[in-house]
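Q: Below is a structure I'd like to ask you about.
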Amino acid sequence: MPGLVLAAAFSLICAAVAGVAAAAAVHELVRGPSPAEIERASAAEVARRWEVWPSGRIFPARLPYTNELGGTEQARRVGVSSRYSCDAAVDRRLRKPLRDAGCRAVLRATYLDALQGIVVTVGVAVFPDDRSAAAAKAAFPADGAPAPGLLPVAFPGTVADRFTAASRQAATVRQAGPYLVLTTAGQVDGRPAAAVGKPRTAMFAFTADLGARVAEALTAPPTPDCARPREWRC
């Protein structure tokens with residue numbers, strides 16, 4: 001008899017434990033995501049955008065900017081590079097720092113300003129996380145010097161066909177989460193920066209707006225969209 005009582009009590013304990021476990025499992029299935037889980041999922045989605053977004057979404061056909069007089073203009077995209085190599089996108093002095101920071105790719109596109117006098121290559125350097133991107137940023141000049149920096153992309157047969165490393169006159173560097181958004185700019189006629197004399201920083205000030213637009217899009221808070229199965233699983 002004592003054995004039967006003990007067995008019955010043990011069965012009741014097991015049933016109670018199973019009930020608690022089942023209730024916990026149901027709660028886990030039906031509860032909403034925690035703030036920490038939402039933050040991790042958002043960070044993961046942002047970090048994948050360079051892979052899953054089409055190039056036209058990262059580099060829109062037109063990017064708005066503010067001109068020297070305070071008006072709004074539109075920069076027109078000339079082309080998007082098909083090369084993603086980190087080494088091929090920057091000057092030699094920056095290659096090791098970028099590799100050490102875990103650079104995965106550098107996406108580049110070239111734009112023309114509204115007056116068709118200035119060409120700008122915008123680059124997105126991809127890193128594993130925010131800390132890696134910050135480490136890479138420290139290797140770039142802090143004074144806006146164009147070299148060492150992002151290498152321009154010229155497109156033969158277009159107004160950007162004379163945009164070379166020697167013609168770079170201004171640059172910007174901006175961190176956006178696990179990305180560095182870079183710009184480098186020069187004049188359409190391809191004149192070497194060494195022949196310009198005193199830098200005309202005001203005429204290139206708008207390039208920071210282009211970089212900011214790309215950076216803001218890449219790091220905008222994600223909104224679930226079931227119509228984009230490559231980005232979201234609904």
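The values are calculated or read from the model by the stated rules, or taken from the named source; none is laboratory data. Every value quoted in this text rests on a predicted model; they were computed, and no experiment measured them. All Cβ positions, glycine included, derive from the backbone under ideal geometry; neighbour counts span all protein chains shown. Side chains are part of the model used for accessible areas, which takes the heavy atoms of the whole protein and leaves out ligands, DNA and RNA. Shrake-Rupley method; radii C 1.70, N 1.55, O 1.52, S 1.80 Å.
Q: Pick from Glu73, Glu68: which is modelled with pLDDT under 95 and of a type in the set (D, E, K, R)?
A: Details: Glu73 fails: modelled with pLDDT under 95.
Being modelled with pLDDT under 95 and of a type in the set (D, E, K, R) holds for just one of Glu73, Glu68, which is Glu68.
Q: While we're on this one: Looking at Pro152, Pro146 in this structure, which one is open to solvent by less than 40 Å² (accessible area, probe 1.4 Å), in contact with a Phe, Trp or Tyr (Cβ under 7 Å, 6 or more places away or on another chain) and either part of a loop (DSSP other than H, G, I, E, B) or among the hydroxyl-bearing types (Ser, Thr, Tyr) (or both)? Steps first, answer last, please.
A: Details: Pro146 fails: in contact with a Phe, Trp or Tyr (Cβ under 7 Å, 6 or more places away or on another chain).
After applying the criteria, what remains is Pro152.
Q: While we're on this one: Given the residues Gly190, Gly157, which is the only one that is touching a residue at least 12 places away in the same chain (Cβ under 8 Å), part of a loop (DSSP other than H, G, I, E, B) and at positive phi?
A: Gly190
Q: Within segment 42-65, track down each residue that is surrounded by fewer than 17 Cβ atoms within 10 Å (Cβ to Cβ), touching a strand residue (DSSP E or B) at 6+ places or on another chain (Cβ under 6 Å) and in contact (Cβ under 8 Å) with a residue 60 or more places away in the chain.
A: Within segment 42-65, just Pro64 meets the criteria.
Q: Would you kindly identify the helices (runs of 4 or more DSSP H) lying entirely within segment 81-139 that contain at least 2 residues that are modelled with pLDDT under 95, among the aromatic types (Phe, Trp, Tyr) and surrounded by 19 or more Cβ atoms within 10 Å (Cβ to Cβ)? Walk me through how you get there before you give the answer.
A: Numbers: elements: 86-89, 92-100, 130-137.
The helices (runs of 4 or more DSSP H) meeting that bar number zero.
Q: Another question about this same structure. Which condition does Ala195 not pass, out of (1) among the hydrophobic types (A, V, I, L, M, F, W, C); (2) open to solvent by less than 20 Å² (accessible area, probe 1.4 Å); (3) without any contact (Cβ under 8 Å) to a residue 24 or more places away in the chain, if it passes all the others?
A: (2)
Q: Are there any pairs, at least 6 apart or on different chains, whose C-beta atoms fall under 7 Å, with the first in segment 133-151 and without any contact (Cβ under 8 Å) to a residue 60 or more places away in the chain and the second part of a helix (DSSP H, G or I) and surrounded by fewer than 17 Cβ atoms within 10 Å (Cβ to Cβ), and if so, which?
A: Pro148/Arg93
Q: On to the next question. Would you mind telling me which numbered condition in (1) closer than 24 Å to Arg48 by Cβ; (2) without any contact (Cβ under 8 Å) to a residue 12 or more places away in the chain; (3) not aliphatic (A, V, I, L, M) Asp130 fails?
A: Against the list (1) closer than 24 Å to Arg48 by Cβ; (2) without any contact (Cβ under 8 Å) to a residue 12 or more places away in the chain; (3) not aliphatic (A, V, I, L, M), Asp130 comes up short only on (2).
Q: Any idea how many residues of segment 160-187 are part of a helix (DSSP H, G or I) and among the aliphatic types (A, V, I, L, M)? Give the derivation first.
A: Within segment 160-187, the first condition is being part of a helix (DSSP H, G or I), and the residues that meet it are 165-167.
From what's left, among the aliphatic types (A, V, I, L, M): 165-166.
Total satisfying the criteria: 2.
Q: Select from segment 161-185 the residues that are touching a Gly at 6+ places or on another chain (Cβ under 7 Å) and small (Gly, Ala, Ser) and list them in ascending order. Full working, then the answer.
A: First, pick out the residues of segment 161-185 that are touching a Gly at 6+ places or on another chain (Cβ under 7 Å): 162-164, 167-172, 174, 181-184.
Those that are touching a Gly at 6+ places or on another chain (Cβ under 7 Å) and small (Gly, Ala, Ser): Ser167, Ala170, Ala171.
Q: Restricting to segment 66-80, what's the tally of residues that are part of a strand (DSSP E or B) and open to solvent by 30 Å² or more (accessible area, probe 1.4 Å)? I'd like the intermediate steps shown before the answer.
A: We begin by selecting, within segment 66-80, every residue part of a strand (DSSP E or B); these are 66, 72-80.
From what's left, open to solvent by 30 Å² or more (accessible area, probe 1.4 Å): 66, 72-74, 76-78, 80.
Number of matching residues: 8.
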